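The values are calculated or read from the model by the stated rules, or taken from the named source; none is laboratory data. Everything numeric here is computed off the predicted structure, so don't read it as measured data. Please note: Cβ atoms are built from the backbone with ideal geometry, for glycine as well, and neighbour counts cover all protein chains shown.
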Amino acid sequence: MSDKEEIKEKKEHETPKGSCTEHKLKVDSDLIDYTATADWLVLRKKEKPKAEMFYVSYVKKNKGTKKRPVTFIFNGGPGASSAYLHVGALGPKRVDFNDDGTPKKPPAQLIDNEESWIQFTDLVFVDPIGTGFSRTIEEESKKKDTEGKGTKEVENKEYYQLKRDLESLGEFIQKYLSKNKCWDVPIFIAGESYGGFRVGKLAKLLQEGYGIGLNGAILISPALEWVLLNPSDYDVLHWVDIFPTMALAALHHGKSKVSCKSDEDLRNKAEEFAMSDLAVSLVKGEGATEVERDKVYLKMSEFLGLPFEDIKIKSGRVPFWMFCRDLFRESREVCGFYDASVKAVDPFPDRVMHEAPDPTLYAIERVFSGGINTQLRQNLQLESDRDYTLLSMDVNSSWKVDTQTHAFERQVGATDDLRYALSLNPYMKVFVTHGTYDLVTPYFASSRIIDHMKLTSEQRKSFTVKNFKGGHMFYAWKNSRIEFAKEMASFYKSAL
């Protein structure tokens with residue numbers, strides 16, 4: 001492409017106008033001066049602009065002579081914007097929750113975040129295409145109508161694919177480093193939920209495909225292996241992985257009948273039972289005698305606070321939605337999927353299936369939506385008539401696996417990529433963390449998977465696994481957020 005053609009192309013497409021503002025954050029006796037930038041970077045395909053990826057960066061001023069790290073952050077879904085980590089835990093402003101992580105009365109309020117990671121790293125919050133303010137430039141394309149009525153406009157879903165999504169993030173990070181001339185600073189990536197899956201895959205892709213060396217990879221409530229999230233009557237691992245979380249939730253709500261000295265004591269007992277008696281029983285199925293199976297179901301009843309008969313009819317495979325509903329059936333309440341410590345009224349107690357809204361996902365949508373829009377439009381003075389897409393179920397339902405080479409190939413995971421990345425770069429540190437009441441991505445799944453990664457003793461030293469009280473977004477809990485920030489400050493120090 002000639003210089004004239006490139007100039008012409010740039011004139012044909014201009015991104016919306018971003019903003020750049022100056023701010024201060026006081027943490028104890030320290031005053032942090034930083035610059036906030038809310039803007040778009042253009043992604044290209046064959047040198048043509050294809051998408052606008054929105055981001056917000058927070059860069060500390062007066063850095064001194066030492067190279068300060070930069071961390072690229074994204075959430076999951078797929079279809080989630082970065083708002084959850086942005087105004088929930090890591091950014092210099094956060095939404096104000098009750099100490100136990102439950103939302104306060106509307107409207108949502110933003111407050112200074114004394115646990116912000118701006119204390120030890122510059123931050124770049126990235127919204128994948130289809131989320132936040134990120135959009136494809138060619139929003140729609142022509143497609144032949146299957147009913148033979150000519151053509152119709154259809155949404156461009158090119159970026160709603162596993163590999164293509166990762167490539168877009170790799171391209172964004174490359175462009176950001178070049179634009180801001182920071183290829184020579186320590187680089188970290190952090191992601192939550194499916195964002196944790198992205199981190200695992202990007203740990204390999206960024207280093208091998210984009211020439212970006214990493215100092216650290218942080219996986220928050222990650223979904224490492226998809227097969228573990230789709231249980232059936234014919235597998236075992238999902239039921240083993242989720243059991244300790246349900247047991248801890250039952251203890252939290254005073255429903256457990258197992259004698260224990262503390263949460264940690266109960267957790268150890270639940271993990272041991274899940275890995276031994278429960279796993280063996282599930283593997284054997286009806287190959288075990290009824291007496292053997294009943295013994296296991298009775299123990300499960302004691303751990304989970306559910307009736308023996310309900311567990312027996314499910315053959316020991318207790319779906320978490322059933323647990324969340326049946327634990328409080330007599331009081332017409334349900335507990336949350338994303339944080340089983342939280343309860344809400346069941347609006348449909350007489351229906352066969354669980355149809356209540358999840359009090360730990362949909363109930364907090366108003367909080368994060370209000371918080372991120374206030375931060376962008378008011379505090380960062382960004383002018384945009386676009387709607388900020390907090391969570392797109394259209395993106396989620398449209399997601400494709402574009403790495404599959406055969407119809408029978410169903411194993412999709414990030415653990416192998418993480419193992420590969422550690423071999424590529426022995427200096428990279430990894431931090432994996434969960435909330436102990438998260439039923440969607442249970443902590444025990446990651447703990448068990450890591451024990452199967454066949455890490456060397458040196459690689460194991462690079463791995464930190466730390467879980468906190470709370471749910472999928474455990475950082476909404478005051479004490480967990482404070483502990484998490486302290487752990488991350490130490491992690492960054494060790495990685496540098």
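Key figures for this structure:
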read-out	value
Test: residue in the range 257-270 that is in contact with a strand residue (DSSP E or B) (Cβ under 7 Å, 6 or more places away or on another chain) and either within 22 Å of Val342 (Cα to Cα) or surrounded by fewer than 20 Cβ atoms within 10 Å (Cβ to Cβ) (or both)	no
Qualifying positions in the range 17-41 - modelled with pLDDT of 95 or more, over 11 Å from Val59 (Cβ atoms) and loosely packed, with under 13 Cβ neighbours inside 10 Å	Lys24
Filter result for the condition that a residue is assigned by TED's automatic domain parsing to the domain that holds Phe97, out of contact with any Gly (no Cβ under 7 Å at 6 or more places or on another chain), at pLDDT 80 or above and not charged (D, E, K, R), over Thr405, Thr374, Thr389	Thr374
Which numbered condition Val334 fails, given (1) on the phi < 0 side of the Ramachandran plot; (2) not in a strand (DSSP E or B)	(2)
Residues satisfying the stated conditions in the range 43-79, i.e. touching a Lys or Arg at 6+ places or on another chain (Cβ under 8 Å), surrounded by fewer than 23 Cβ atoms within 10 Å (Cβ to Cβ) and not charged (D, E, K, R)	Leu43
Entirely in the range 424-496, the helices (runs of 4 or more DSSP H) that have 2 or more residues that are surrounded by fewer than 16 Cβ atoms within 10 Å (Cβ to Cβ) and among the hydrophobic types (A, V, I, L, M, F, W, C)	478-495
Matching residues, the range 354-374, being in a loop (DSSP other than H, G, I, E, B) and either among the charged types (D, E, K, R) or touching a residue at least 24 places away in the same chain (Cβ under 8 Å) (or both)	His354, Glu355, Ala356, Asp358, Pro359, Thr360, Leu361
Per-region count, the range 445-464, residues of a type in the set (A, V, I, L, M, F, W, C) and within 16 Å of the chain's Cα centre (by Cα)	1
The range 210-242 - residue that is under 22 Å from Lys493 (Cα atoms) and not polar (S, T, N, Q) and, of those, nearest to the chain's Cα centre (by Cα)	Ile220
Members of the range 181-190 that are over 13 Å from Thr71 (Cα atoms) and either surrounded by 17 or more Cβ atoms within 10 Å (Cβ to Cβ) or free of Cβ contacts under 8 Å to residues at least 40 places away in the same chain (or both)	Lys181
Selection from the range 202-223 of residues that are part of a loop (DSSP other than H, G, I, E, B) and over 16 Å from Ile450 (Cβ atoms)	Tyr210, Gly211, Ile212, Gly213, Leu214, Asn215
Qualifying residue in the range 372-391 (condition: over 18 Å from Glu192 (Cβ atoms), in contact with a helix residue (DSSP H, G or I) (Cβ under 6 Å, 6 or more places away or on another chain) and either among the charged types (D, E, K, R) or surrounded by fewer than 18 Cβ atoms within 10 Å (Cβ to Cβ) (or both))	no
Residue in the range 313-324 that is in the same structural domain as His354 (by TED's automatic domain parsing) and closer than 30 Å to Ser494 by Cβ present	no
From the options Pro244, Pro231, Pro222, residue that is at pLDDT below 95, within 30 Å of Gly200 (Cα to Cα), surrounded by 16 or more Cβ atoms within 10 Å (Cβ to Cβ) and out of contact with any Pro (no Cβ under 6 Å at 6 or more places or on another chain)	Pro231
Filtered residues of the range 70-111 (kept if closer than 18 Å to Ile482 by Cβ and of a type in the set (A, V, I, L, M))	Leu85, Val87, Ala89, Leu90, Val95, Ile111
Filter result for the condition that a residue is out of contact with any Cys (no Cβ under 8 Å at 6 or more places or on another chain), among the small types (Gly, Ala, Ser) and within 18 Å of Leu237 (Cα to Cα), over Ser301, Ser315	Ser315
